[in-house]
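What follows is a short report on a single structure.
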Amino acid sequence: MPKIIEAVYRASAALSLVAGWLAALIMLGMTLHILAEIVLRSFFATSTHLVEEYVGYGLMTMIFLGLGHALERGNLIRVDLVLARLGAGALRRGVEIAICIASLCALAFILNYVWFSMVRRYEMGTVSMTLAATPLWIPEAIVVAGMIVLGIQLVAYALRLTAGGPLIDDRQSFD
């Protein structure tokens, strides 16, 4: 396999790993926020009044930031019943590449709408209707970043397959 494709895949895997770690940090922050809310409500009869909003944003951003890493590790839900029957030959590679291309097209379509929504919210200064008044472009920007990481990972996987590299099933990780 050409060294450039291996380098592209390693870079995309590193980017996906960073995004995965950010998702894990967001999950830790959500957990700490929920625990703080429990303590405040149980022992001090008060609240941050933010937990529902920020846990919702956290869940959304955590999911999107983790998608690239999940693909790289082979942890995304896939149609393995069909793929397993294709074996590991050229047909399977062709199907996997076609799936990557179709996924990229769907991702680009959705990313287009999320991007323009994020830009519009930024330009209009739209904030949430809660006490926090969170600028809504911020969680959308994190979703956009996660979608871009997934797109990069899909391109890198398609390139790797084209160059004869291993399928996701062959190894759980390509690092």
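The values are calculated or read from the model by the stated rules, or taken from the named source; none is laboratory data. For clarity, every value in this text was computed on a predicted model and none was experimentally measured. Positions of Cβ are generated from backbone atoms using ideal geometry, with glycine treated the same way; all protein chains shown enter the neighbour counts.
In table form, for the structure just shown:
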item	result
Answer residue from region 61-79, given it is out of contact with any helix residue (DSSP H, G or I) (no Cβ under 6 Å at 6 or more places or on another chain) and modelled with pLDDT of 90 or more and is farthest from residue 154 (Cα to Cα) among those	63
Search result, residues across region 56-91 that are under 18 Å from residue 104 (Cα atoms) and acidic (Asp, Glu)	72
Helices (runs of 4 or more DSSP H) wholly inside region 62-175 containing at least 2 residues that are in contact (Cβ under 8 Å) with a residue 24 or more places away in the chain and crowded, with 18+ Cβ neighbours inside 10 Å	90-124, 137-162
